[in-house]
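J.: There's a structure below that I have some questions on.
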Amino acid sequence: MAKFVLMLPHAPDRYQNLGEAEFMDLMKDYIGWVEDMTAKGKFEGGEKLMDEGGKIVTNTSGTIEVHDGPFAEVAEILGGYMVINAEDYDEAVEIARSHPHMKHNETIIIRQTDASADE
Amino acid sequence: MTSSDDTHQLLDDIVRRERGWLISSLVSKLGPSKVDLAEDVAQDAIVKALATWPFKGVPDNPRAWLRRVAGNVAIDRIRRSAREFGVDEDWDWGTSETDVITPSLSDPELDLMVLCCDPSIDPQDQLFLALKTVCGLTAAETASLFFMTEDALSQRLSRAKRKLKAQSGDLARFPTRCALSARLPQLLKVIYLMFAWGYLPRRGDDLFRDDICREAVRLSEGLLRKIDGETAGHHALHALLLFQMSRLPARRADDGRLLTLEEQDRNLWDRDMIAAGFEHLQAATASAALTRYHLEAGIASMHAEARSWGETNWPAITRFYELLHAKVPSLAVLVNWAVSLLISDDLDAARDKLDAASKRPGAEALPAYHLARAQLAMRMGDDEAAQAAIAAARACQVSAPVAAYIDRELSLSA
């Protein structure tokens, strides 16, 4: 069984100005899905990222510069990530299809972790 | 039920229960003039918890987890504005853990209810405030319990909170024992309304919310324990809650649909709860005054003791409704009275009551009124009128399972 990281981006203003009931419903969908996947042994874990844009550290010209993120032009910010178990990309994609993020947002980025050096 | 449905229900339960607990605890720490702040802190905490669980799953002890997060949020916020509120930065949040282990009624909830029932606030607004802040009903739920729009409700809530603030000031504390007893009848009303919502919500996916019913029973129990002298009608109210609560498991079929009193398997009724109900009903006879709760508990007791639908003492029930209507001439009572007459085959009297009900404001919005009309029409052999009445019931705001029930009636009568 391989591990895949699901990255869950959303529009910067996606969760602003949501009514309480609406927010509750969204979160219930997500939490319900995670519970289902955990019961099936597919869910490994995840982290929610803080809502502020974070920092970006660059070294373009030999000096290290620190910027506050996100850059103004980004269409989406990364809200968090989850790690799931799947046989292959086909299964990972199937799992992503069922993810409430696909109902409430637009994009999930899937990357397989490289476990080739692990025992 | 899938595990995802379970999760939804669990979250509803936790959020509703914890919101009331958090607000009550905060108000007891910060003082009566800080209901607004307490609501904000509770809301922040709940949102914060709900935003992280999607990435972690629900923690093993969600309640304790939520309270810990809430405690941190509260302390953080209060620390930031400690000077403004003049609150000691190190105030103790420590009671939360013990409350997790013994989930008995915590006093802050009753105290906040008492606070909401401040006589300077319009009596109706007292109910709104208590149901919204202590009982954890959402704004939408509170609004539809009273057939109001959410906007109208929120205006009245802010008015009530302004009054409360003006009245209590920073130094004010909870009322004296004597002032407290004057508020008790209103507290009973809050508990009664809270239970009514849990028993038959007017919106949402649930046929009933047993968490809300249980909570109402617990608040009532706590109040009975706390108050030395009996408030007129409290034992009767408690009996009523227990009788109604005892039938909850029988009200829902395996497929989730509503089962009427006539269809219910009476073996599923909770006999212990019924026995406890009769004890409280007995205690209620010592009450200083005859209240509506006595009469309603009397009606519920008739059902509780009947071994079957056919053996129900309908003449007694009709008589109770008559007395109840003399005391509380409400539309819902009038409609139920009519239904009891229908079942007793007194069609003319039933029609009189329903005609009288039709002239009352709110009849159009009350599904029970239309369903009673339909029943009457069917008994008179007027299928067309019955169909129309059921369709009118369907147009009212009801929960999804009740809508499904009405749809079934509609198709059966077609």
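J.: Per DSSP helix of 4 or more residues, -39500 (n - 2.57); summed, then divided by the residues of the protein assembly as shown. What does that give at 222 nm, rounded to the nearest 500?
T.: Result for the protein assembly as shown: -19500 deg cm²/dmol, rounded to the nearest 500.
J.: In nm, to one decimal, how far is the modelled label at B:Ala349 from the one at B:Asp122, with both set 7 Å along Cα→Cβ?
T.: It works out to 3.8 nm between the two label points.
J.: Apply the a/c threshold of 1.5 to the C-alpha gyration tensor of the stretch A:2-112 and tell me whether it is rounded, prolate or oblate.
T.: Oblate, since a/c reaches 1.5 and b/c is not below a/b.
J.: Please identify the longest segment of chain A free of exposed trypsin sites (Lys or Arg not before Pro), where exposed means a DSSP state other than H, G, I, E or B and no more than 16 other Cβ atoms within 10 Å.
T.: With trypsin sites (Lys or Arg not before Pro) excluded where exposed in loops, chain A gives A:41-119 as its longest stretch.
J.: Treating only the Cβ of Lys, Arg, Asp and Glu as charged (+1, +1, -1, -1), what charge dipole size does the protein assembly as shown show about its Cα centre? Round to the nearest 20 debye.
T.: Around 2140 debye, computed over the protein assembly as shown.
J.: Residue by residue, what Karplus-based ³J(HN,Hα) values in Hz, rounded to whole numbers, does the stretch B:395-409 have, using 6.51, -1.76 and 1.60 with θ = phi - 60° and x for Gly and Pro?
T.: Along the stretch B:395-409, the couplings run 7, 7, 6, 9, 6, 4, x, 5, 4, 5, 4, 5, 4, 5, 4 Hz.
J.: Using the Cα centre as the reference, give the magnitude of the dipole from point charges on the C-beta atoms of the stretch B:329-414 (Lys, Arg: +1; Asp, Glu: -1; all else neutral), rounded to the nearest 20 debye.
T.: 280
J.: Label-point separation (nm) for B:Met380 and B:Ser181, each offset 7 Å from Cα along Cα-to-Cβ?
T.: Each label point lies 7 Å from its Cα, and together they span 5.2 nm.
J.: Go ahead and run the numbers for FRET between B:Ser411 and B:Asn267, Cβ-Cβ distance against an R0 of 30 Å, rounding to 0.05.
T.: 0.55
J.: Can I ask one more? Residue by residue through A:32-45, how many Cβ atoms from other chains fall within 10 Å of the Cβ on average?
T.: Counting Cβ atoms of other protein chains within 10 Å of each residue's Cβ and averaging gives 4.
J.: Still on this model: Could you compute how fast the protein assembly as shown diffuses translationally, taking Rh as the Kirkwood radius over C-alpha pairs and applying Stokes-Einstein at 37 °C with viscosity 0.692 mPa s? Give it in µm² per second.
T.: Answer, rounded: 125 µm²/s.
J.: What is chain A's relative contact order, in percent, from Cα pairs under 8 angstrom and six or more apart in sequence?
T.: 47
J.: Averaged across A:24-30, how many Cβ atoms of other chains sit within 10 Å of each residue's Cβ atom?
T.: Per residue, the average neighbour count from other chains is 6.
J.: Further, regarding this structure: Using modelled backbone amide H atoms (1.01 Å from N, in-plane), which distant-in-sequence or interchain residues come within less than 5 Å of A:Gly80's amide H?
T.: Under 5 Å from the amide H of A:Gly80: A:Leu8, A:Leu49.
J.: Report the label-to-label distance for B:Thr149 and A:Leu18 in nanometres (one decimal), using points 7 Å from each Cα along the Cα→Cβ vector.
T.: Taking the two extended label points, one gets 2.6 nm.
J.: Moving on to the next point. Please report B:Glu305, A:Glu44, B:Glu296 as a ranked list, fewest other C-beta atoms within 10 angstrom at the top and most at the bottom.
T.: Ascending number of Cβ neighbours within 10 Å: B:Glu305, A:Glu44, B:Glu296.
J.: Additional query: Per the Kirkwood formula on distinct C-alpha pairs, the Rh of chain B is how many angstrom?
T.: Answer for chain B: a Kirkwood hydrodynamic radius of 23.0 Å.
J.: As an exercise, use a Förster radius of 56 Å and the Cβ-Cβ distance of B:Ile227 and B:Asp255 to find the FRET efficiency, rounded to the nearest 0.05.
T.: 0.85
J.: Could you point to the residue in A:Ile108, A:Pro70, A:Ile95 farthest towards the positive end of the stretch A:2-112's charge dipole, with +1 and -1 charges on the Cβ of Lys/Arg and Asp/Glu respectively?
T.: Of the options given, the answer is A:Ile95.
J.: Determine, from the Cβ-Cβ distance of B:Asn313 and B:Asp60 and an R0 of 60 Å, the FRET efficiency 1/(1 + (r/R0)^6), rounded to the nearest 0.05.
T.: For R0 = 60 Å, the calculated efficiency reads 0.75.
J.: Highest GNM mean-square fluctuation, chain B, Cα pairs closer than 10 Å: which of B:Glu109, B:Glu384, B:Glu322?
T.: Fluctuation is largest for B:Glu384.
J.: Over the stretch B:187-281, calculate the relative contact order: mean separation of alpha carbon pairs under 8 Å at least 6 apart, over the residue count, as a percent.
T.: With pairs under 8 Å counted, the relative contact order is 26 percent.
J.: Skipping prolines and chain starts, which residues have an amide H placed within reach, meaning under 5 Å, of the one on A:Glu44, given they are 5 or more residues away or on another chain?
T.: A:Val83, A:Ile84, A:Asn85
J.: Ok, one more. Rounded to whole Hz and in sequence order, give me ³J(HN,Hα) for the stretch B:20-27 from the Karplus expression 6.51 cos²θ - 1.76 cosθ + 1.60, θ = phi - 60°, writing x for Gly and Pro.
T.: 3J(HN,Hα) across the stretch B:20-27, in whole Hz: x, 5, 5, 4, 4, 4, 5, 5.
J.: For chain B, calculate the relative contact order in percent as a whole number, restricting contacts to Cα pairs under 8 Å that are 6 or more residues apart.
T.: Taking the mean separation of contacting Cα pairs over the length of chain B, I get 12 percent.
J.: Counting Lys and Arg as +1 and Asp and Glu as -1, what is the net charge of the other residues whose Cβ lies under 13 Å from the Cβ of B:Thr260?
T.: +2
J.: Partner chain Cβ atoms within 10 Å, averaged over the residues of B:6-16 - can you pull that number for me?
T.: Average per residue, whole number: 3.
J.: Counting only other residues whose beta carbon sits under 15 Å from that of B:Leu323, what net charge do I get with K and R as +1, D and E as -1?
T.: That sum, taken over residues with Cβ under 15 Å, equals +2.
J.: What dipole magnitude, in Debye to the nearest 20, does chain A give about its Cα centre under +1 on Lys/Arg Cβ and -1 on Asp/Glu Cβ?
T.: 60
Coordinate-derived values only; no laboratory data. Since the model is a prediction, treat every value here as computed from it, not as a measurement. Cβ sites come from the backbone with ideal geometry, for glycine too, and all protein chains shown count toward neighbours.
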